[in-house]
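To start, the structure under review is shown below, and the notes come after it.
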Amino acid sequence: MDLDDTSLSESGLAATGAATGEERILVIACGALAREILALRDLNGWTHLDLQCLPAKLHLWPDRIPDAIEAAVREARSRYARIFIGYADCGTGGLLAARCAALGVEMMAGPHCYSFFDGNDRFAARGDDEMLAYYLTDFLVRQFDAFVWKPMGLDRHPELRDMIFGNYQRLIYLAQLDDPALDAEAARCAARLGLAYERRLTGYGDLAAALAATADR
């Protein structure tokens, strides 16, 4: 399946519609996770699992995520045996977890995708050591201008960079793929922000285990 990052950001991804069998499962996820979830589905042969993605740009307005999730769940519920929400808290301050509980659907554990890609336990154990770190994932490296540079106004007012990022010390790229081109681009992102650069190859982290538990149940 050809995926376009701009489309995943702006409009998401319609349900793939390929799942078969009585135990059809729908994962409703952020567009920023589309590539990773489809890769895991194909790698593991989860033919009973469909993916639907909401626009990744919802992360610019986290308060809109719970309502968008509820609408998607209610629209799809009659067609699937189970629905799993491929979002962590993602800046909703617990509102998404409360909404998922009310809807009776499970969701990813953790505060955000940086945590579950790194591994929630590992991320929590790092504690204060990374309070001054700014994180990117594969998707955010590819969409750095759309999700960081332009929304923060740095394309129009580059002098804001030091005001916004002056208290950060380094940019940590949590890499899902071992891709030299993405590594080089992430290093350029760090340089643009005036931060030291660190790359950490995480793979899919806790996302893989959560999807496996959902698919195999």
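The values are calculated or read from the model by the stated rules, or taken from the named source; none is laboratory data. Owing to the predicted nature of the structure, the values given are computational and were not obtained by experimental measurement. Glycine gets a Cβ as well: all are built from the backbone with ideal geometry, and neighbour counts include every protein chain shown.
Do any residues in the stretch 79-93 that are not assigned by TED's automatic domain parsing to the domain that holds I37 and crowded, with 21+ Cβ neighbours inside 10 Å have Cβ atoms under 9 Å from those of residues that are part of a helix (DSSP H, G or I) and modelled with pLDDT of 95 or more, where the two are at least six apart or on different chains, and which pairs are they?
none
Hey, any hits in the stretch 188-209 for a residue that's surrounded by 19 or more Cβ atoms within 10 Å (Cβ to Cβ), free of Cβ contacts under 8 Å to residues at least 60 places away in the same chain and in contact with a helix residue (DSSP H, G or I) (Cβ under 8 Å, 6 or more places away or on another chain)?
There is at least one residue in the stretch 188-209 that is surrounded by 19 or more Cβ atoms within 10 Å (Cβ to Cβ), free of Cβ contacts under 8 Å to residues at least 60 places away in the same chain and in contact with a helix residue (DSSP H, G or I) (Cβ under 8 Å, 6 or more places away or on another chain).
Quick one: would you say Y168 is part of a strand (DSSP E or B) and among the aromatic types (F, W, Y)? I'd like the intermediate steps shown before the answer.
On the way: part of a strand (DSSP E or B): no; among the aromatic types (F, W, Y): yes.
Here the answer is no, as Y168 does not meet what is asked.
When you go through (1) within 26 Å of E10 (Cα to Cα); (2) assigned to a helix (DSSP H, G or I); (3) in contact (Cβ under 8 Å) with a residue 60 or more places away in the chain one by one for L182, which number turns out not to apply?
(3)
Any residue in the stretch 104-117 that is hydrophobic (A, V, I, L, M, F, W, C), assigned by TED's automatic domain parsing to the domain that holds L54 and more than 27 Å from T6 (Cα to Cα)?
Yes; the residues of the stretch 104-117 include at least one that is hydrophobic (A, V, I, L, M, F, W, C), assigned by TED's automatic domain parsing to the domain that holds L54 and more than 27 Å from T6 (Cα to Cα).
Please verify whether A56 is surrounded by fewer than 21 Cβ atoms within 10 Å (Cβ to Cβ) and under 21 Å from A210 (Cα atoms), treating the condition exactly as stated. Spell out how you get there, then give the answer.
On the way: surrounded by fewer than 21 Cβ atoms within 10 Å (Cβ to Cβ): no; under 21 Å from A210 (Cα atoms): yes.
So A56 does not fit the description; no.
How do the helices (runs of 4 or more DSSP H) wholly within the stretch 108-148 filter down when requiring 3 or more residues that are in contact (Cβ under 8 Å) with a residue 12 or more places away in the chain: which remain? Lay out the reasoning, then the answer.
On the way: elements: 113-118, 120-126, 138-142.
Hits in the stretch 108-148: 113-118, 138-142.
Considering only the stretch 119-133, how many residues are surrounded by 16 or more Cβ atoms within 10 Å (Cβ to Cβ) and either under 22 Å from N167 (Cβ atoms) or over 19 Å from the mean Cα position of the chain (by Cα) (or both)? Break it down stepwise before answering.
As a first pass, look at the stretch 119-133 and keep what is surrounded by 16 or more Cβ atoms within 10 Å (Cβ to Cβ): 119-120, 123, 130, 133.
Now narrow it down to the ones that are either under 22 Å from N167 (Cβ atoms) or over 19 Å from the mean Cα position of the chain (by Cα) (or both): 123, 130, 133.
Number of matching residues: 3.
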